[in-house]
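The structure appears below as structure tokens.
Read the figures in this text as sums done on the coordinates, not as results from a lab. These figures come from a predicted structure and were not determined experimentally. Ideal geometry is used to build each Cβ from the backbone, glycine not excepted, and the neighbour counts take in all protein chains shown.
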Amino acid sequence: MSVDPRVDPAVSCVFVCHDDAGRVLLARRGAGARDEPGTWDTGAGALEHGESFADAVRREVREEYTAAALDVQTIGVRNILRSGSHWVAVVNAVRVDPAAVAIGEPHKFDELGWFALDALPSPLHSQLPATIELFRAAAR
């Protein structure tokens, strides 16, 4: 009997935190990040059993950035196939209060910053450009 090597897709709730004034919040991934340390990225987290997308985003924003999600809007869905993993990413725009933001998971992130869309830092996480494109399209 052979073993099926297929791995079932997982659901990730990706969020682009913004200040409603043209800036987005990005975190630089630290040495303890799952992948691509040293790159700048938005936040994300796996959907837990029985959780709504919006509830997952609210939980993850609080965990990663210590802030309340003031407004959550789903802006798109992406299919991400990378190095043996398959994620369905539900992408959200999330308004937060910049004064409430801090690093909530210092083992994953070593710096936070607010950036205009035309002045993003580098290097960017490999998945960030497609996420930012969805954010730009939703803002139009």
Volume per residue of the C-alpha convex hull in the range 66-140, rounded to whole Å³: 125 Å³
Selected from Leu124, Leu26, Leu70 as most flexible by GNM, with the chain as the system and alpha-carbon contacts under 10 Å: Leu70
Whole-percent pair-distance distribution, where bins are 10 Å wide, for the alpha carbons of the chain: 12, 43, 35, 7, 2, 0
Estimated [θ] at 222 nm from DSSP helical runs (n ≥ 4, -39500 (n - 2.57)) normalised by residues in the chain, nearest 500: -5500 deg cm²/dmol
Counting DSSP beta bridges with both ends in the chain, the antiparallel % (nearest 5): 70 percent
For the range 21-51 and the range 71-122, distance of Cα centres in Å: 5 Å
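Would you mind calculating the relative contact order of the range 10-139 from Cα pairs under 8 angstrom and at least 6 residues apart, reporting the percent as a whole number?
It rounds to 35 percent for the range 10-139.
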Computed magnitude of the charge dipole of the chain (debye, nearest 20; Cβ of K, R +1, Cβ of D, E -1): 260 debye
